[in-house]
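Participant: Sending over a structure as structure tokens; questions will come in a sec.
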Amino acid sequence: MSDIHQNINLPAGSIEKQTTTLNLGPTHPATHGVFQNILELDGEKIVAATQTVGYIHRAFEKIAERRSLYQITPLTDRLNYCSAPLNNIGWHLTCEKLLGIQTPKRVDYLRIIIMELARIADHLICNSIVGVDSGAFSGFLYVMQYRELIYEIYEEVCGSRLTTNIGRIGGFERDFSNTAFEKIEKFLNEYPKVLKEFENLFNRNRIFMERTIGAGPISAERALNYGFTGPNLRAAGVDYDVRVVSPYCSYEEFEFDIPIGSTGDCYDRFLVRNAEMWQSMRIIEQALQKLNELKGEEATVYHADVPEYYLPPKQDVYTKMEALIWHFKIIMGEINMPQGELYHSIEACNGELGFYIISDGGRTPYRLHFRRPCFIYYQAYEELVKGGMLSDAIIVMSSLNLIAGEMDA
Amino acid sequence: MALTNEFIKQKLIDKFGDQVFAFEEQFGLLSFHADKEINLKILSFLKEDETLGFNFLTDICGVHYPDQKGAELAVVYHLHNIKENVRLRFKVFADINKPEVYTATGIYEAANWMERETYDFYGIIFIGHPNLKRILNVDEMDYFPMRKEYPLEDQSRIDKDDEMFGRGGSDHFDLGKRLQDSVVENEK
Amino acid sequence: MRPVSFNIKPKKADVNDSLMMAEMPPGYEGQGFFATTLDSVIGLARKNSLWPLPFATSCCGIEFMATMAATYDLARFGSERVGFSPRQCDLLMVMGTIAKKMAPVVKQVYLQMAEPRWVIAVGACASSGGIFDTYSVLQGIDQIIPVDVYVPGCPPRPEAILDGVMRVQDLVGKESLRRRNSERYKGLLESYGIQ
């Protein structure tokens, strides 16, 4: 016991515990999601931390053993619900790899636009909530306006805002309308100024820098050992990005940089996410340009020609008998999948989102496992906050971008 | 030398002989089975050998094959060599009456929660794990839900009618009796 | 192709056509006085200053964040201050799936709230389990706490969440002051095992 405590006389027989246990329980004011941290504090410093997850375990993997491929897409929406289209398109890419379907170039470019918009939406939430947790509320309100614009773009394409269930195996359900392209252009015109202003609010703001620099650092070797991927790994200095290392969906034709940090603390993670948003916008501009360069037949196609797996258009489903039957057969899984085992991964907003599917030739997967990045890097939380202060615990939790739906599945 | 699947396969057979078997390549990814006693030796060999360098553990999951007697529970490891972009998968099998596998936490820290999840879902005991408790389900649960014999739905719920979903509450549907019952109802 | 017909060229908002004042309850007016029932005045005051406790667990929580933000502002209904302490809030908004592991926590938060308290179940998962008919998901929070308003949707649009809050406001405005001590309410709580 240090000198300060000499004046405190505890009654005889009482237990002298040197640390306080604080329960940062499943419901906590920072609206991140439901997971629990039990912290052992020595004054204000954190000595140990135990995590409990599973407060929103919805048994996706068991549900998926009963559902056919299209019926699993709404489940993938609810993994990382801040960027649902990315999960949907990742799942469709896995199905296409399993079924051996090749998508036309235009579909790839349209998919890239939607995926990068979803990435921007997710990084926006993460960074603005880091701001809210360090006390700066206005950044959040300001950028949510632009998230609404991204939601409007999703609505144009698939009809829904948040849990989008976007696309089909082989492409999209309908071509992007002119309004969708107008809205994407509007977003590209207006958003850079907003992001610049958001950066001006935070990047060289002394209070924010003092809060976040040095909070929760991790070295590159420890990060790799813990299975980190995504912006958290890139902030630690490793330039591993699934879009570059094993490109999917024509990413190899696009030119973009991978921002990396050095110390892996909260400030680096914040900056890496901001820089990734700039790179995403660059990719969207290139995609729009490539779309304009496509000629003839290629310029109007929006799905691959696979009638066994692509749902027929709705006008036909409601008027013709064969189309109705095909629609029913495909959704209910009357068409059997080929046998095989496949692991496919995409660069989701939090890291490498992987789908491991074992198919035994029936209508549903024999086993479907989601490799969820949040679940894997949350294990490192104790190492990140040990020795830090209580407020660091909150900032580290929000800068890791933990989404409870993805963590528990 | 480029890290091809043939090269990896050859190195593994050279080192472990017939303890690794069932090599196959699906969608470009090499996959093999191994005895569960040597899973740690394989993992550390794959990680530390300079030519192989699989320093990233992508995923650990479990699978239940109720038809393979004596080897019902499988643990699947996915590894990745980030520099060369080569992936690898290997499986170890355990008997359902003695589902014990050595833990990989000493080699990769990432294995900690992944193995807890596999334990929670399948009941595979990882020997040497620092904290083998349930992670996603409630602590009081006494069965391992992802095994094939257990149903998805909570059987004690009363607000949803299984008949409507084709998962009959009644084991066999007798049309004659149903019609008779409805005639009796109408006559009352 | 059906043409899109909204929000392509948004019109400028005019302050005069979207201002609404709270309505006066019926009563007797005179020079310098206004007589009405206590119930209606207290109801009017309570309904326009509901402090919600957002119990956001999953996707509906993100729609709630969108409802709180500037486009679909929740603050104009009097809910400017969202509190996270159950003692200080009137309205428990349960948004998202409640798993069986989380159910005791919801019940605990509900018990800690002081009367009068209202509960709104936002989303299909909170109302009835939603698309997750599994062993680990509670099939609706009304298995453990009494609910006043259910907002369906997966996730409900922010307009739907606002509609749910407005229905709660109707309930609050018309509630009798004696309801919380009545036999019927006590019977309702007994049926949930709450004393």
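The values are calculated or read from the model by the stated rules, or taken from the named source; none is laboratory data. Remember, predicted model here, so these are calculated numbers, not experimental data. Glycine also receives a Cβ, built like all others from the backbone with ideal geometry; neighbour counts cover every protein chain displayed.
Participant: Of the conditions (1) small (Gly, Ala, Ser); (2) within 8 Å of chain A (Cβ to nearest Cβ); (3) out of contact with any Leu (no Cβ under 6 Å at 6 or more places or on another chain); (4) surrounded by fewer than 16 Cβ atoms within 10 Å (Cβ to Cβ), C:Ala99 clears all except one; give me its number.
Facilitator: The number of the failed condition is (4).
Participant: Can I ask one more? Give the residues of the stretch C:167-194 that are of a type in the set (Asp, Glu) and assigned to a loop (DSSP other than H, G, I, E, B), sorted by residue number.
Facilitator: Taking the stretch C:167-194 and keeping what is of a type in the set (Asp, Glu), we get C:170, C:175, C:183, C:190.
Residue satisfying the conditions is C:Glu175 alone.
Participant: Would you list the helices (runs of 4 or more DSSP H) that sit entirely within the stretch A:206-262 and hold 2 or more residues that are within 17 Å of A:Pro373 (Cα to Cα) and away from every other protein chain (no Cβ under 14 Å)? Show your work before the answer.
Facilitator: On the way: elements: A:206-212, A:220-225, A:231-236, A:242-245.
Where helices (runs of 4 or more DSSP H) fall fully within the stretch A:206-262 and carry at least 2 residues being within 17 Å of A:Pro373 (Cα to Cα) and away from every other protein chain (no Cβ under 14 Å), they are A:231-236.
Participant: Then there is this: Would you call B:Asp49 surrounded by fewer than 20 Cβ atoms within 10 Å (Cβ to Cβ) and at pLDDT 90 or above? It would help to see each step written out before you state the result.
Facilitator: Details: surrounded by fewer than 20 Cβ atoms within 10 Å (Cβ to Cβ): yes; at pLDDT 90 or above: no.
No, not satisfied.
One line per residue, one yes/no per condition, for (1) more than 7 Å from chain A (Cβ to nearest Cβ); (2) closer than 23 Å to A:His28 by Cα; (3) not small (Gly, Ala, Ser):
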| residue | (1), (2), (3) |
| --- | --- |
| C:Val41 | yes, no, yes |
| C:Arg46 | yes, no, yes |
| C:Ala75 | yes, yes, no |
| C:Val82 | yes, yes, yes |
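Participant: OK, next. Counting only residues that are of a type in the set (A, V, I, L, M, F, W, C), in contact (Cβ under 8 Å) with a residue 40 or more places away in the chain and not in a helix (DSSP H, G or I), which one in the stretch C:50-72 is farthest from the other protein chains (Cβ to nearest Cβ)? Can you show your working first?
Facilitator: If we filter the stretch C:50-72 for residues that are of a type in the set (A, V, I, L, M, F, W, C), which is where we start, we get C:50-51, C:53, C:55-56, C:59-60, C:62, C:64-66, C:68-70.
Next, only the ones that are in contact (Cβ under 8 Å) with a residue 40 or more places away in the chain stay: C:50-51, C:53, C:55-56, C:59-60, C:62, C:64, C:66.
Narrowing further to those that are not in a helix (DSSP H, G or I): C:50-51, C:53, C:55-56.
Values: C:Leu50: 18, C:Trp51: 14, C:Leu53: 9, C:Phe55: 6, C:Ala56: 5 Å.
My answer is C:Leu50.
Participant: Given A:Leu110, A:Leu75, which one is closer than 23 Å to A:Asp175 by Cβ and either part of a helix (DSSP H, G or I) or touching a Ser or Thr at 6+ places or on another chain (Cβ under 6 Å) (or both)? Steps first, please.
Facilitator: Working: A:Leu75 fails: closer than 23 Å to A:Asp175 by Cβ.
Step by step, each of A:Leu110, A:Leu75 is checked, and only A:Leu110 is closer than 23 Å to A:Asp175 by Cβ and either part of a helix (DSSP H, G or I) or touching a Ser or Thr at 6+ places or on another chain (Cβ under 6 Å) (or both).
Participant: Now a separate question. What residue, of A:Thr94, A:Thr179, A:Thr103, A:Thr76, is within 13 Å of chain C (Cβ to nearest Cβ) and either in contact with a Phe, Trp or Tyr (Cβ under 8 Å, 6 or more places away or on another chain) or touching a residue at least 24 places away in the same chain (Cβ under 8 Å) (or both)? If you could, list the steps in order and put the result at the bottom.
Facilitator: Values: A:Thr94 fails: within 13 Å of chain C (Cβ to nearest Cβ); A:Thr179 fails: either in contact with a Phe, Trp or Tyr (Cβ under 8 Å, 6 or more places away or on another chain) or touching a residue at least 24 places away in the same chain (Cβ under 8 Å) (or both); A:Thr103 fails: within 13 Å of chain C (Cβ to nearest Cβ).
Only one candidate qualifies: A:Thr76.
Participant: So the check is Cβ under 6 Å with 6+ separation or different chains; which pairs have a first residue in the stretch C:136-147 that's farther than 27 Å from B:Tyr143 by Cβ and at pLDDT 90 or above and a second one that's crowded, with 20+ Cβ neighbours inside 10 Å and not aliphatic (A, V, I, L, M)?
Facilitator: C:Ile145/C:Tyr110
Participant: Taking the stated definitions as given, is A:Lys295 out of contact with any helix residue (DSSP H, G or I) (no Cβ under 9 Å at 6 or more places or on another chain), over 30 Å from A:Ala48 (Cβ atoms) and modelled with pLDDT of 90 or more?
Facilitator: Values: out of contact with any helix residue (DSSP H, G or I) (no Cβ under 9 Å at 6 or more places or on another chain): yes; over 30 Å from A:Ala48 (Cβ atoms): yes; modelled with pLDDT of 90 or more: no.
Answer is no for this residue.
Participant: Counting only residues that are buried (at least 16 other Cβ atoms within 10 Å of the Cβ) and away from chain A (no Cβ under 14 Å), which one in the stretch C:102-126 is farthest from A:Arg78 (Cα to Cα)? Walk me through it before giving the result.
Facilitator: The initial filter retains those residues of the stretch C:102-126 that are buried (at least 16 other Cβ atoms within 10 Å of the Cβ), namely C:102-103, C:105-107, C:109-110, C:113, C:117-126.
Subsequent filtering for residues that are away from chain A (no Cβ under 14 Å) retains C:117-121.
Details: C:Arg117: 30, C:Trp118: 28, C:Val119: 24, C:Ile120: 22, C:Ala121: 19 Å.
Filtering first and then ranking leaves C:Arg117.
Participant: Just give me the residues in the stretch C:70-95 being touching a strand residue (DSSP E or B) at 6+ places or on another chain (Cβ under 7 Å) and not small (Gly, Ala, Ser), in sequence order.
Facilitator: Initially, the stretch C:70-95 is screened for residues touching a strand residue (DSSP E or B) at 6+ places or on another chain (Cβ under 7 Å), giving C:79, C:82-84, C:86, C:89-95.
C:Val82, C:Phe84, C:Pro86, C:Cys89, C:Asp90, C:Leu91, C:Leu92, C:Met93, C:Val94, C:Met95, listed by residue number.
Participant: Does the stretch C:57-70 contain any residue that is buried (at least 21 other Cβ atoms within 10 Å of the Cβ), within 13 Å of the chain's Cα centre (by Cα), under 20 Å from A:Cys82 (Cβ atoms) and small (Gly, Ala, Ser)?
Facilitator: no
Participant: A:Asn87: buried (at least 24 other Cβ atoms within 10 Å of the Cβ) and under 15 Å from A:Ile169 (Cβ atoms), yes or no?
Facilitator: On the way: buried (at least 24 other Cβ atoms within 10 Å of the Cβ): yes; under 15 Å from A:Ile169 (Cβ atoms): yes.
So A:Asn87 passes the test.
Matching residues to (1) more than 9 Å from chain B (Cβ to nearest Cβ); (2) assigned to a strand (DSSP E or B); (3) in contact with a Phe, Trp or Tyr (Cβ under 9 Å, 6 or more places away or on another chain):
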residue	(1), (2), (3)
A:Met337	yes, no, no
A:Phe355	yes, yes, yes
A:Ile358	no, yes, yes
A:Thr364	yes, no, no
A:Asp392	yes, no, no
A:Ile395	yes, no, no
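Participant: Quick check on my filter: what residues within the stretch A:143-159 are more than 8 Å from every other protein chain (Cβ to nearest Cβ) and out of contact with any helix residue (DSSP H, G or I) (no Cβ under 7 Å at 6 or more places or on another chain)?
Facilitator: To start, the set of residues in the stretch A:143-159 that are more than 8 Å from every other protein chain (Cβ to nearest Cβ) comprises A:143, A:146, A:149-150, A:153-155, A:157-159.
A:Glu155, A:Cys158, A:Gly159 - these are the residues of the stretch A:143-159 that are more than 8 Å from every other protein chain (Cβ to nearest Cβ) and out of contact with any helix residue (DSSP H, G or I) (no Cβ under 7 Å at 6 or more places or on another chain).
Participant: Also, I was wondering about something else. From C:Asp142, C:Asp133, C:Asp90, which residue is within 30 Å of C:Val41 (Cβ to Cβ) and either at the interface with another protein chain (Cβ under 8 Å from one of its Cβ atoms) or acidic (Asp, Glu) (or both)? I'd like the intermediate steps shown before the answer.
Facilitator: Working: C:Asp142 fails: within 30 Å of C:Val41 (Cβ to Cβ); C:Asp133 fails: within 30 Å of C:Val41 (Cβ to Cβ).
Of C:Asp142, C:Asp133, C:Asp90, the one residue that is within 30 Å of C:Val41 (Cβ to Cβ) and either at the interface with another protein chain (Cβ under 8 Å from one of its Cβ atoms) or acidic (Asp, Glu) (or both) is C:Asp90.
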